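Here's the structure we're looking at; comments come further down.
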Amino acid sequence: MLSTTRDHQLLLVRGAVLRTLAYFDIFDHPLTQDELLRFTDLLEPGERSLERVLHELRDRGIIEEFAGYWALKDCMHRVRLREISEERARVRFPKAERMARRIARFPFVRAVFISGSMSKGCLSADGDIDYFIITTPGRLWVARTLLILYKKFFLLNSRRDFCVNYFLDTEHLTVEDRNRFTAMEVVTLLPLYGNGTTEAFFDRNAWAFALFPATPQPRSREIAIGRARFKSTLERLLSGRLGDLLDDQAMGYTWRYWKWKFSHMDPRSFDLALRTRTYVSKHHPRNFQQRVLDGFHHRMIVLEKQLGQTLR
């Protein structure tokens, strides 16, 4: 009976390990054993069970290990790439913090997070620094438009250090799409501004932490933004009907422009990649989320055929 229970536990751990490695394989990103424990979707897999499963899968040629890192394939090469991208992220992180402070000083911005690959401590040679932003209700599109105008005129439309592609407001903090990709993005966000709002966001998205139960909620670093007179003055001026009108017009113009520019997209893909509501703005025209989920699904099919067992 004890042996049957232990075998069942190892089966569960094996599935969790392969799901985790399959997901990060999409990004050519090897993981340490601690990271496997952190990002597994299994509650308390146990270090001993994890070690046993890792060595069993390595000995069977299903996964690879190099210098304490694990991957489905090309582990040594990917470790080298990871070291380079981690150093690149470390060098550019102070710039990311400065830009986050700048964003936080804009009117109606209530929280700023670093998202994307930088939030995971890595950055490719051509990688952008992505920001996830929470705004005051009813002023999301004013805040977004001001930030886009700043990027176009002062940063010469460069996204390299200033990619603002996802906005929510404080009354709609729950991420609508619930899947492995969005859960991973939520639990790895780096909150830099918005103490209180950032905690409320993580609380409202507890479903993401339930998928990765060993991942703790991040704590905000809370960068100082000073007196921010421009922020307070514009918020006061646009607090009434003028602000309502500008927000409506900004959303309407953006929606019409995107519908024209991305007319090749079917309605479902458009809504997933370019969601446009009074309370949310997503700008992911390459629909990266769907590409990742498709890549994950394909890898799981290959692994299941290789092992002759269900892993999902």
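Going by the conditions given, is L211 at pLDDT 95 or above and in contact with a Leu (Cβ under 8 Å, 6 or more places away or on another chain)?
On the way: at pLDDT 95 or above: yes; in contact with a Leu (Cβ under 8 Å, 6 or more places away or on another chain): no.
In short, no.
For region 212-247, what are the residues that are in a helix (DSSP H, G or I), without any contact (Cβ under 8 Å) to a residue 40 or more places away in the chain, touching a helix residue (DSSP H, G or I) at 6+ places or on another chain (Cβ under 9 Å) and not aliphatic (A, V, I, L, M)?
Correct list: empty.
Is it the case that some residue within region 137-155 is within 17 Å of the chain's Cα centre (by Cα) and not polar (S, T, N, Q)? Lay out the reasoning, then the answer.
Taking region 137-155 and keeping what is within 17 Å of the chain's Cα centre (by Cα), we get none.
No: region 137-155 contains no residue that is within 17 Å of the chain's Cα centre (by Cα) and not polar (S, T, N, Q).
Among the residues of region 60-70, are any touching a Ser or Thr at 6+ places or on another chain (Cβ under 9 Å) and either without any contact (Cβ under 8 Å) to a residue 40 or more places away in the chain or over 21 Å from R180 (Cβ atoms) (or both)? Before the answer, list the steps.
Initial filter on region 60-70 (touching a Ser or Thr at 6+ places or on another chain (Cβ under 9 Å)): 68-70.
Next, only the ones that are either without any contact (Cβ under 8 Å) to a residue 40 or more places away in the chain or over 21 Å from R180 (Cβ atoms) (or both) stay: 68-69.
The answer is yes, given that some residue of region 60-70 is touching a Ser or Thr at 6+ places or on another chain (Cβ under 9 Å) and either without any contact (Cβ under 8 Å) to a residue 40 or more places away in the chain or over 21 Å from R180 (Cβ atoms) (or both).
Yes/no per residue for (1) outside the structural domain of D34 (by TED's automatic domain parsing); (2) of a type outside the set (A, V, I, L, M, F, W, C):
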site: D59; (1), (2): no, yes
site: I62; (1), (2): no, no
site: A67; (1), (2): no, no
site: R80; (1), (2): yes, yes
site: E86; (1), (2): yes, yes
site: E97; (1), (2): yes, yes
site: R101; (1), (2): yes, yes
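Which of the residues that make up region 269-305 are outside the structural domain of E171 (by TED's automatic domain parsing), basic (K, R) and either assigned to a strand (DSSP E or B) or touching a residue at least 60 places away in the same chain (Cβ under 8 Å) (or both)?
Within region 269-305, just R299 meets the criteria.
Might you check whether a residue that is of a type in the set (K, R), surrounded by 20 or more Cβ atoms within 10 Å (Cβ to Cβ) and on the phi < 0 side of the Ramachandran plot occurs anywhere in region 87-109?
Taking every residue of region 87-109 in turn, none turns out to be of a type in the set (K, R), surrounded by 20 or more Cβ atoms within 10 Å (Cβ to Cβ) and on the phi < 0 side of the Ramachandran plot.
For region 267-311, what are the residues that are under 22 Å from V175 (Cβ atoms) and either in contact with a Gly (Cβ under 6 Å, 6 or more places away or on another chain) or exposed (fewer than 11 other Cβ atoms within 10 Å of the Cβ) (or both)?
Residues of region 267-311 that are under 22 Å from V175 (Cβ atoms), as a first pass: 267-297.
Within region 267-311, P267, R268, R286 qualify.
Based on what the data block shows, is F153 touching a residue at least 40 places away in the same chain (Cβ under 8 Å) and in a helix (DSSP H, G or I)? I'd like the intermediate steps shown before the answer.
Values: touching a residue at least 40 places away in the same chain (Cβ under 8 Å): no; in a helix (DSSP H, G or I): yes.
Here the answer is no, as F153 does not meet what is asked.
Just checking, which of E44, E65, E83, E56 is over 19 Å from the mean Cα position of the chain (by Cα) and assigned to a strand (DSSP E or B)? Can you show your working first?
On the way: E44 fails: assigned to a strand (DSSP E or B); E83 fails: assigned to a strand (DSSP E or B); E56 fails: assigned to a strand (DSSP E or B).
Just one listed residue meets the conditions, E65.
If a residue has to be surrounded by fewer than 20 Cβ atoms within 10 Å (Cβ to Cβ), basic (K, R) and either in contact with a helix residue (DSSP H, G or I) (Cβ under 7 Å, 6 or more places away or on another chain) or closer than 26 Å to W207 by Cβ (or both) to count, how many in region 135-177 make the cut?
0
The values are calculated or read from the model by the stated rules, or taken from the named source; none is laboratory data. Model, not experiment: these values are computed from the prediction. As a convention, Cβ positions derive from the backbone with ideal geometry for all residues, glycine included, and neighbour counts pool all protein chains shown.
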